[in-house]
Amino acid sequence: FVLTEGNPRWENTHLTYRIENYTPDLPRADVDQAIEKAFQLWSNVSPLTFTKVSEGQADIMISFVRGDHRDNSPFDGPGGNLAHAFQPGPRIGGDAHFDEDETWTSNFRNYNLYRVAAHEFGHSLGLSHSTDIGALMYPNYFFTGDVQLSQDDINGIQAIYGPSNDPIQPTGSTAPTACDPRLTFDAIVTLRGETLFFKNEYFWRRHPQLPTVELNFISLFWPSLPNGIQAAYEDFDRDLIFLFKGNQYWALNGYDIQQGYPKDISNYGFPSSVQAIDAAVSYRSKTYFFVNDQFWRYDNQRRSMEAGYPQSIASTFPGIGSRIDAVFQQDDFFLFFSGPVYYAFDLNTQRVTRVARINKWLNC
Amino acid sequence: FPTVPSETREEDVEMVQKYLENYYNLKSDGEQIEKQRHRSPVVEKLKQMQEFFGLKVTGKPDAETLNVMKQPRCGVPDVAE
């Protein structure tokens with residue numbers, strides 16, 4: 001986290017706010033609720049309280065304005081700048097302005113008012129932009145479907161105002177770190193030569209020609225997908241990737257989620273007892289689905305599950321004993337990921353040829 | 001998935017200039033960024049921006065940098081006035 005230069009702070013921890021005008025994009029009640037919830041995020045983790053007032057000067061004045069609104073920081077029309085807020089202080093200090101040229105929403109469509117307000121109020125309280133991509137105070141807009149403070153945000157606000165008076169101290173979410181020795185993956189998929197490693201609401205994107213591995217939000221690329229993807233595979237013949245969570249799955253062509261999804265995994269021919277898939281991989285027009293200690297094999301061309309399955313993972317893939325988190329194919333290898341290690345399984349010799357820590361895939 | 005442009009386009013040059021002015025306190029002197037992008041202060045500001053966002057620090061407006069700059073964001077500068 002980064003504190004605003006000069007460490008400005010409110011001396012009084014009981015602050016007032018006033019909504020000066022309302023955006024026509026949303027019912028007034030939705031605006032009220034978004035603003036109230038945004039303040040609540042910060043009051044939950046600090047001694048601060050926020051009271052709404054309906055007239056007069058409040059500590060934090062909130063308005064929807066467009067273009068040049070006479071504060072030396074004009075807005076720029078749709079997109080680009082979404083909002084800004086001023087550091088703690090008298091008069092304009094603490095005030096938050098939202099660009100009326102944006103479309104404000106209370107859902108996953110751009111731009112979610114609650115999400116943006118929560119960020120701006122961080123500035124109103126004395127926080128600057130964080131370099132932690134998982135923090136609410138990261139400057140770029142992401143909406144994962146949920147708005148929550150990261151541990152980084154909590155550390156920041158508590159560095160200014162101290163901890164909450166609540167005896168049970170709340171904790172925040174944290175972005176996964178590539179070099180964490182306890183790191184595990186939820187799912188892995190290749191996509192047009194890149195490899196995507198899914199973890200919670202994030203994925204790392206590894207490109208063979210690029211030296212760095214990017215960490216992104218799933219929602220940045222696919223806003224309507226859920227977090228916590230559990231399995232994924234690439235169908236090379238159809239240029240599609242399939243992502244699985246619980247008994248649902250989605251087909252994606254690059255950025256675009258195909259129409260008619262999500263669908264139920266029973267379409268593949270799984271029995272009703274299978275309610276989630278651990279890992280999946282496609283190889284030579286067959287897709288292997290891993291569930292607990294067994295796997296199924298699906299014929300991509302006949303579009304049906306092959307007879308004789310499920311089979312034991314351990315008997316077909318000797319050396320891969322435990323439950324699998326993720327798998328993908330590279331050359332003639334299946335790369336199985338289980339906990340913090342991966343196994344390279346040579347499909348020609350039918351044996352494991354390498355075992356190493358999974359962090360290696362993230363250049364760590 | 002985003003394609004990687006081989007050259008920085010004219011509109012990207014303007015966008016980089018505006019972005020650095022808005023968020024990295026780059027002083028505009030009317031000179032086009034194209035003419036000065038391999039020198040300070042533009043290069044230094046670009047490096048600051050790339051470091052902040054965890055990008056490869058090149059001092060050049062490469063494709064990854066442009067992608068981040070094009071994302072919608074808060075209007076509060078990342079560096080202090």
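A few comments on the model shown:
- Test: residue in the stretch A:191-214 that is over 27 Å from A:Tyr288 (Cα atoms), acidic (Asp, Glu) and away from every other protein chain (no Cβ under 14 Å): no
- The residue of the stretch A:25-66 that is surrounded by the fewest Cβ atoms within 10 Å (Cβ to Cβ), among those that are part of a loop (DSSP other than H, G, I, E, B) and within 29 Å of the chain's Cα centre (by Cα), is A:Pro27.
- Considering the stretch A:300-337, and only residues there that are of a type in the set (Gly, Ala, Ser) and in a loop (DSSP other than H, G, I, E, B), the residue that is surrounded by the fewest Cβ atoms within 10 Å (Cβ to Cβ) turns out to be A:Ala307.
- Among (1) within 14 Å of chain B (Cβ to nearest Cβ); (2) surrounded by fewer than 18 Cβ atoms within 10 Å (Cβ to Cβ); (3) closer than 24 Å to A:Ile241 by Cβ, the one test that A:Thr177 misses: (3)
- Scanning the stretch A:240-274 for residues that are in contact with a strand residue (DSSP E or B) (Cβ under 6 Å, 6 or more places away or on another chain) and either at positive phi or among the polar types (S, T, N, Q) (or both) yields A:Asn247, A:Asn253, A:Gln258, A:Gly269.
- Test result for A:Asn247, touching an Asp or Glu at 6+ places or on another chain (Cβ under 9 Å) and within 14 Å of chain B (Cβ to nearest Cβ): no
- Contact annotation: residue pairs with Cβ atoms under 9 Å, 6 or more positions apart or on different chains, pairing a residue in the stretch A:126-144 that is at positive phi and more than 9 Å from chain B (Cβ to nearest Cβ) with a partner that is surrounded by fewer than 22 Cβ atoms within 10 Å (Cβ to Cβ) and in a strand (DSSP E or B), are A:Gly126/A:Leu3.
- Taking the stretch A:342-356 as the range and being closer than 25 Å to A:Arg182 by Cβ and surrounded by 14 or more Cβ atoms within 10 Å (Cβ to Cβ) as the test, the residues that pass are A:Tyr342, A:Tyr343, A:Ala344, A:Phe345, A:Val352.
- Set side by side, the residues A:Phe244, A:Phe290 differ, and just one is within 30 Å of A:Asn107 (Cα to Cα), touching a helix residue (DSSP H, G or I) at 6+ places or on another chain (Cβ under 8 Å) and touching a residue at least 12 places away in the same chain (Cβ under 8 Å), which is A:Phe244.
- Considering the stretch B:1-37, and only residues there that are exposed (fewer than 10 other Cβ atoms within 10 Å of the Cβ) and farther than 26 Å from A:Asn216 by Cα, the residue that is modelled with the lowest pLDDT turns out to be B:Gly30.
- Residues that are over 23 Å from A:Phe244 (Cβ atoms) and part of a strand (DSSP E or B) within the stretch A:345-364 comprise A:Asp346, A:Arg351, A:Val352, A:Thr353, A:Arg354, A:Val355, A:Ala356, A:Arg357, listed in sequence order.
- A:Glu5 vs. criteria loosely packed, with under 14 Cβ neighbours inside 10 Å and among the charged types (D, E, K, R): yes
Rundown of residues vs (1) out of contact with any Lys or Arg (no Cβ under 9 Å at 6 or more places or on another chain); (2) at pLDDT below 95; (3) of a type in the set (Lys, Arg), yes/no style:
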| position | (1), (2), (3) |
| --- | --- |
| A:Gly77 | no, no, no |
| A:Asn81 | no, no, no |
| A:Phe86 | yes, no, no |
| A:Thr103 | no, no, no |
| A:Arg109 | yes, yes, yes |
| A:Ser128 | yes, no, no |
| A:Gly156 | yes, no, no |
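- If only residues of the stretch A:74-86 that are touching a residue at least 12 places away in the same chain (Cβ under 8 Å) and more than 9 Å from chain B (Cβ to nearest Cβ) are counted, the one that is surrounded by the most Cβ atoms within 10 Å (Cβ to Cβ) is A:Pro78.
- Scanning the stretch B:47-81 for residues that are buried (at least 18 other Cβ atoms within 10 Å of the Cβ), assigned to a loop (DSSP other than H, G, I, E, B) and hydrophobic (A, V, I, L, M, F, W, C) returns B:Phe53, B:Leu55, B:Cys74, B:Val76.
- If you filter the stretch A:94-108 down to residues that are over 27 Å from A:Gln57 (Cβ atoms) and in contact (Cβ under 8 Å) with a residue 24 or more places away in the chain, you find that the one that is nearest to the other protein chains (Cβ to nearest Cβ) is A:Thr103.
- Where a residue in the stretch A:344-356 is at pLDDT 90 or above and its partner, wherever it lies, is charged (D, E, K, R), with Cβ under 6 Å and at least six apart: A:Ala344/A:Arg354; A:Leu347/A:Asp332; A:Asn348/A:Asp332; A:Thr353/A:Asp346
- Subset of the stretch A:215-239 [among the small types (Gly, Ala, Ser), away from chain B (no Cβ under 14 Å) and at negative phi]: A:Ser224, A:Ala231, A:Ala232
The values are calculated or read from the model by the stated rules, or taken from the named source; none is laboratory data. Given the structure is predicted, the values throughout are model-derived calculations rather than measurements. No Cβ is skipped: glycine too gets one built from the backbone with ideal geometry, and neighbour counts run over all protein chains shown.
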